[in-house]
Amino acid sequence: MTITQTARFCSLAALLVSAGVSAQPSLPACAEIADSSARLACYDNWALRSGTAPRAPQTAAPASTTTSAASSVPGTATTATLPPAPNPEAPAATLTAAQRAATQPSEITRFWDLEHASARDSLEIRGYRPVSLALTSADHVNASPSSPTRSAPTAATTYQNSELKINLSVRTKIASGLLRRDDDKLRDSIWFGYSQQSYWQLFNGGISRPFRATDHEPELIYVFPHALSLPAGWTYRLSGVGLVHQSNGQSQPLSRSWNRAYVMVAADKIAGNGDRFTLQSRAWQRIDENPAKDDNPDISDYIGRAELTGQWSFGSGSGNDKTTHTLGLSLRHSLKREARGSLRLEYLRSIGSVNSGLRWHAQVFSGFGDSLIDYNRKRTVLSLGLSLVDW
């Protein structure tokens, strides 16, 4: 047995002796152990005693190490390859909310690489917002866009209400472990993201099927992890700050752009039946620019100054027929008496394997800021299509 394994078994033995426990440890008891090495050893001992994991063949080891381990944890092999930890989904109905948060994977933790043990490499290209292709139908299309500093074009364009919407979004982790490092199991990190949304007049052959609007959104994000218990079984997962630029790449008078600095927080909850809930909130402040060059000075009064996003994910079926469903709601608000902003309601359903990331995607948007060119025009848009998430 290696020195590391011996230390783990010794930690477990000390815990059992101090608690006066001689019976086999239970999974909830293991989950409550604060020390990560002792908790892993508790899982190992549970798996070996219950017969859920095979023991590896014994190999020779120094006498002093073998004696210490054997006397600390009776019935264990003198040395063995550590078996995998038990499936965290199995005891979900019997664990407390705090135990579920500690033993089951968190979507927020996985998405932002908050734990060092499960983090992926830096500079990998990863998904950010859903990459999607959808047919859309709106109550109207803004044929003569304008703003307080930019007049509408002299001739209105004859657009159709039905379009094809294309969303592209990627991110990569630039660095991690800036403030939380070494033996700390949590890691802070810096990310770069890029998102692009295009509306394509695919069915409008009369005007040569142009791209009506394309918005570009590069973003720099710093994420600081937490694992703080909140009421009703929620866990506070992260705090973050970011800088984001958004523009449509057009020339005057159709140019629209703005820069923002924001703060964000996020929390999640795993219910006893395995359903997952996430909440994320962002509030931002627009970065001032030269009034003479400002294409949209009142944009914050329309698109908003804060956003709250919630998701509920649940499964149906089992085995090869298992399906993942996600309901999402996003609210933006101007934080002024004259309330403006938007509401976005969406539903995603997995296609094929639940791990494929491919989803049917339905979305309803109503409000301001569906695209930058429409920042001061209220629109209601229905979208139906396919999205790729979690890749």
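The values are calculated or read from the model by the stated rules, or taken from the named source; none is laboratory data. Just so we're clear, the structure is a prediction, and the values are computed from it rather than from any experiment. Virtual Cβ from ideal backbone geometry, glycine too; neighbours counted across all protein chains shown.
In table form, for the structure just shown:
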item	result
Where L123 falls short, out of the listed (1) hydrophobic (A, V, I, L, M, F, W, C); (2) in contact with a Ser or Thr (Cβ under 8 Å, 6 or more places away or on another chain); (3) modelled with pLDDT under 95; (4) over 21 Å from R212 (Cα atoms)	(3)
Residue in the stretch 228-241 that is out of contact with any helix residue (DSSP H, G or I) (no Cβ under 7 Å at 6 or more places or on another chain) and among the aromatic types (F, W, Y) present	yes
Strands (runs of 3 or more DSSP E) lying entirely in the stretch 183-289 (those with 3 or more residues that are touching a Gly at 6+ places or on another chain (Cβ under 8 Å))	211-229, 257-270, 276-286
Where a residue in the stretch 209-223 is within 19 Å of L114 (Cα to Cα) and its partner, wherever it lies, is among the charged types (D, E, K, R), with Cβ under 7 Å and at least six apart	V223/D188
Those residues of the stretch 135-162 which are surrounded by 13 or more Cβ atoms within 10 Å (Cβ to Cβ) and among the small types (G, A, S), in sequence order	S137, A138, A143, S146, S147, A152, S162
Selection from the stretch 230-258 of residues that are of a type in the set (S, T, Y) and at pLDDT below 95	S251
Top-ranked residue of the stretch 273-321 - restricted to ones that are aliphatic (A, V, I, L, M) and closer than 17 Å to H245 by Cα, ranked as surrounded by the most Cβ atoms within 10 Å (Cβ to Cβ)	I303
Qualifying residue in the stretch 250-261 (condition: free of Cβ contacts under 8 Å to residues at least 40 places away in the same chain, surrounded by 18 or more Cβ atoms within 10 Å (Cβ to Cβ), under 19 Å from the mean Cα position of the chain (by Cα) and assigned by TED's automatic domain parsing to the domain that holds I174)	no
Residue pairs meeting the criteria (Cβ under 6 Å; at least 6 apart or on separate chains; first more than 16 Å from W360 (Cα to Cα), in the stretch 310-333; second acidic (D, E))	R332/E307
